[in-house]
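Participant: For reference, the structure I am asking about is given below.
The values are calculated or read from the model by the stated rules, or taken from the named source; none is laboratory data. These figures come from a predicted structure and were not determined experimentally. Note that we place each Cβ from the backbone using ideal geometry, even for glycine, and neighbour counts take in every protein chain shown.
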Amino acid sequence: MKFIHALCLKEWLASKRTLKESGYSCSYYWKSLECELCKSTFPHKIKENGMTLRLTEITKPPGDYAILESLN
């Protein structure tokens, strides 16, 4: 496979996401951010023809907030 529609890829990655909300926090978990065929890691955003598309969407809360990332 060489090409895929960017919005199709974005939708597929969203299907791998789990959202947990509790009290004052929401946690996003992705089962995997890698290609199921070649195991390459997908970037969080791609750029094409001067346009940037975020592949992993996170709903930002109103007001001040912090984003923490787990690397394990």
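Participant: Counting only residues that are among the hydrophobic types (A, V, I, L, M, F, W, C) and either more than 14 Å from the chain's Cα centre (by Cα) or within 15 Å of Lys16 (Cα to Cα) (or both), which one in region 55-67 is modelled with the lowest pLDDT?
Facilitator: Ile58
Participant: State all residues of region 20-46 that are under 12 Å from the mean Cα position of the chain (by Cα) and not charged (D, E, K, R); if no residue qualifies, say none. Give the derivation first.
Facilitator: Keep residues of region 20-46 that are under 12 Å from the mean Cα position of the chain (by Cα), which gives 28-34, 41-46.
Tyr28, Tyr29, Trp30, Ser32, Leu33, Thr41, Phe42, Pro43, His44, Ile46 - these are the residues of region 20-46 that are under 12 Å from the mean Cα position of the chain (by Cα) and not charged (D, E, K, R).
Participant: Could you please let me know if Ser32 is at pLDDT 85 or above and hydroxyl-bearing (Ser, Thr, Tyr)? Reasoning before the result, please.
Facilitator: Numbers: at pLDDT 85 or above: no; hydroxyl-bearing (Ser, Thr, Tyr): yes.
No: the conditions fail for Ser32.
Participant: With the requirement that a residue be free of Cβ contacts under 8 Å to residues at least 24 places away in the same chain and under 17 Å from Leu55 (Cα atoms), what does region 8-26 give you?
Facilitator: So the first thing to find is which residues in region 8-26 are free of Cβ contacts under 8 Å to residues at least 24 places away in the same chain, and the list is 8, 11-12, 15-16, 18-25.
Cys8, Glu11, Trp12, Ser15, Lys16, Thr18, Leu19, listed by residue number.
Participant: Tell me whether region 47-54 contains one or more residues that are on the phi < 0 side of the Ramachandran plot, part of a loop (DSSP other than H, G, I, E, B), under 16 Å from the mean Cα position of the chain (by Cα) and among the charged types (D, E, K, R). Break it down stepwise before answering.
Facilitator: Pass one, region 47-54, residues on the phi < 0 side of the Ramachandran plot: 47-48, 51-54.
The next check asks that each one be part of a loop (DSSP other than H, G, I, E, B); those that pass are none.
The answer is no, given that none of the residues of region 47-54 is on the phi < 0 side of the Ramachandran plot, part of a loop (DSSP other than H, G, I, E, B), under 16 Å from the mean Cα position of the chain (by Cα) and among the charged types (D, E, K, R).
Participant: In region 31-52, what count of residues is obtained for those that are surrounded by fewer than 12 Cβ atoms within 10 Å (Cβ to Cβ) and aliphatic (A, V, I, L, M)?
Facilitator: Residues meeting the conditions: 2.
Participant: Being surrounded by 10 or more Cβ atoms within 10 Å (Cβ to Cβ), modelled with pLDDT of 85 or more and assigned to a strand (DSSP E or B) is the filter here, so list the residues in region 4-25 that pass it.
Facilitator: Matches in region 4-25: Arg17, Leu19.
Participant: Hey, can you tell me all the residues within region 39-71 that are more than 17 Å from Cys26 (Cα to Cα) and among the hydrophobic types (A, V, I, L, M, F, W, C)? Walk me through how you get there before you give the answer.
Facilitator: Keep residues of region 39-71 that are more than 17 Å from Cys26 (Cα to Cα), which gives 39-55, 71.
Residues satisfying the conditions are Phe42, Ile46, Met51, Leu53, Leu55, Leu71.
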